[in-house]
1. Collect residues whose amide H, placed 1.01 Å from N in the peptide plane, falls under 5 Å from the amide H of Lys201; neighbours closer than 5 in sequence don't count.
2. Given labels modelled 7 Å from the Cα in the Cβ direction, how far is it in nm from Gln373 to Lys709?
3. 7 Å from Cα along Cα→Cβ at both Ile680 and Asp564: what's the point-to-point distance in nm?
4. What length, rounded to one decimal in nm, is gained on full extension from Ile229 through to Thr452, with 0.36 nm per residue of separation minus their alpha-carbon distance?
5. No solvent, one uniform scatterer per C-alpha: report log10 I(q)/I(0) for region 414-589 via the Debye equation at q = 0.09 1/Å, two decimals.
6. Can you give me the relative contact order of region 1-93 as a percent, contacts being Cα pairs under 8 Å and 6 or more apart?
7. Provide Val38, Val498 in ascending order of the number of other Cβ atoms located within 10 Å of each residue's Cβ, fewest first.
8. Counting only C-alpha contacts under 8 Å and six or more residues apart, can you give the relative contact order of the chain as a whole percent?
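Taken together, the values in this text are just the output of simple stated rules run on the coordinates, not laboratory data. Values in this document were obtained by computation on a predicted structure and should not be read as measured data. With ideal geometry, Cβ positions are generated from the backbone for all residues, glycine too; neighbour counts draw on all protein chains shown.
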Amino acid sequence: MAERSFAKEVQKLKKGEGETFTGEGILAITKALLENGVGYVGGYQGSPISHLMDVLADSQEILTELGVHFEASASEATATAMLAASVHYPIRGAVTYKSVVGTNVASDALSNLASGGVTGGALIIVGEDYGEGSSIMQERTYAFAMKSQVWMLDPRPNLPSIVKAVGDSFEMSEISNTPVMLQVGIRSCHVHGHFTASDNKRPQMNVSEALENPKRDLQRIVLPPATYIHEEEKLTKRLPAAQKFIIDKQINERFGTPSGKVGIILQGGTYNTVIRALNRLGLADLYGDTNVDMLVLNCVYPLVPDQILDFCEGKDAVLIVEEGQPNYVEQQIAHMLYQSGKSVKLEGKGILPMGGEYTGQVMVDGLGDFFSQHAPAMLPVAKVTTNEQPISIPDLSKSLPARPPGFCTGCPERPIFAATKLVEEELGEHHIASDIGCHLFSIMPPFDLGATTMGFGLGPASASAFHNADKKGRRSISFVGDGGFWHNGLTSSVGNAVFNKNDNVIVIVDNFYSAATGGQDILSSRADNPTKQTQNSIVDACKGMGVKWIRQIDRTYDVTKMRDTLKEALTTEAEGPKVIVASSECMLNKQRRVKPQMAKAAKDGKRVVRPRFGVDEDICTGDHACMRLSGCPSLSVKDTGDPLRDDPVAAIDQTCVGCGNCGEVADAAVLCPSFFQAEIITNPSNFEKRRASRTGKIIAWLQTRRDAKRVAFA
Ligand SMILES: O=C(O)C(=O)Cc1c[nH]c2ccccc12
């Protein structure tokens, strides 16, 4: 079960011609797919397009009704390979993946797909995870579009434009026999708005019909000599067809006064920020109407030289607004201008920063500089000759404590790293390889464990060079999550270690979901899923791969067991990789699952017990050793008001879910007797009520007696 249910929202997918659809960008994309007769959809989840996969998963019924096949692909490579169904058949297909990392994984299939070309429209929806709030390295998917010759649309961030781009992409893909990427940034994915819906369309051909009428065309299969034909076709047919389509269909838009002496060429995705900046500069009204001449590239690849040169004609200066680096669009435009001998002044990176997100302030500063330098007369006098002092923003890093991202309250992964810390205390520091997923938070305080992260499912692979010539010497420890394990870790990491007789320790962090991407089900998820085969054992898969030494830990909160098993793995004489599968349910998902059940039980008058932990502040010495081995967000500090105690004591707040980690850690590390466990009982039995009342009275009497003897501070 994913973190959010879209069961209610997907009902909007049934809206018909003329009805108003209101909602989030990614939901609009899903609706647009159905309106455009898509035949199959798939993908791999990742921020910021995880919810698109969740919406599709929740729309299974509607998809089936329309004859649309949906798959939660094993990886982005799988998703892209799935688009093979559009190679020979006139079936429209769409897949989603996250940004450059998804494209990296997909790139083998992507090159093959782009070389052979497609018959049915093939659409890749890329959630471009660039800028503030991103979870990955800062690169651009654009490079892949260029190298494989895949077109890239980047629509203005509003629902009608995004929906239109879906239809345009399919058409463009079919006309030019080329796959198309629809790039949507973080803000586009989550922008809210409305558009006028059309009826959903059944696919022109569905996948069952294709199976009944198999087809092949040697010219579309990637093997020499066809590959040479593909390259030629790319240059002489597909590219010109795409460029003609861009002009004929007016994919790119012109705004403002066409004869302006200065102009802006911008990626569609930056439009909202540009318009807001123009508004702040006094160059656009609140509705976005402006006199500034603008060419909005809703298609950022390929560019159409005639269109660009026509825009630049007669202008003194043109600014390219292109987020991220390298400045691919600017370079291409510079080349066009140089080749055609135009003397227009080209601005872009320089006036705007080379890297980083073009946030509102960055855009106001950059556009302000551009107009001050090249068209100061356009700016309102107050902006040019301002004597306003810029607002100074205090450096909050001096006064606020750092708040590194970390494990959630009750996360079952925290004790795994607490155990690792304890083992290192005994056996010394080890080389630790990390992977993608929640468990990567181990690299942050208070654990500070892990030296590298090389890719999804590649944790153990990234430790593979570390082969200790001394059999009794130190081994590496590597981590991989259950998500990464099924994404490709089983072969790239575990199989590789078995085959190469790697002697290191591999910990598979199994929390029953692809947790970091939003709690989607995966092969080893424990829940029943009506459309998927779940409950496939990670241990059996590893054994099947040839792992001989394997241990399953069923409750990661058992820090002592976790610590002892890790120690055994690091010291055993057994050869080959030592694999520990550490399993406990993701606490976020567990709470989502259990809370409604408990609430219902309580409402029905049933007895419900919720464990909570607390700290006895009279016993706590305030040394905070518990926190150094935990980092639980519910574990905090509290001032006792006692002037004789310098340090605040530990305190557990209301967000505690009673996972028991703090107590376990304290026990395994022999740290602290100040933790206690309490039970909150809803609808207690009469016996429990009487007992609580009795003990309450005794405790109150003892407390009053003790307080009377206490020295009081005024
Ligand atoms: O959701 C995220 O933030 C991810 O990075 C997850 C993810 C999805 N597909 C990937 C491919 C390579 C690396 C990470 C991911």
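1. Glu35, Asn36, Gly37
2. 7.9
3. 3.4
4. 76.1 nm
5. Summing over Cα pairs of region 414-589 leads to -0.26.
6. About 33 percent, as a whole number.
7. Val498, Val38
8. RCO, the chain: 10 percent.
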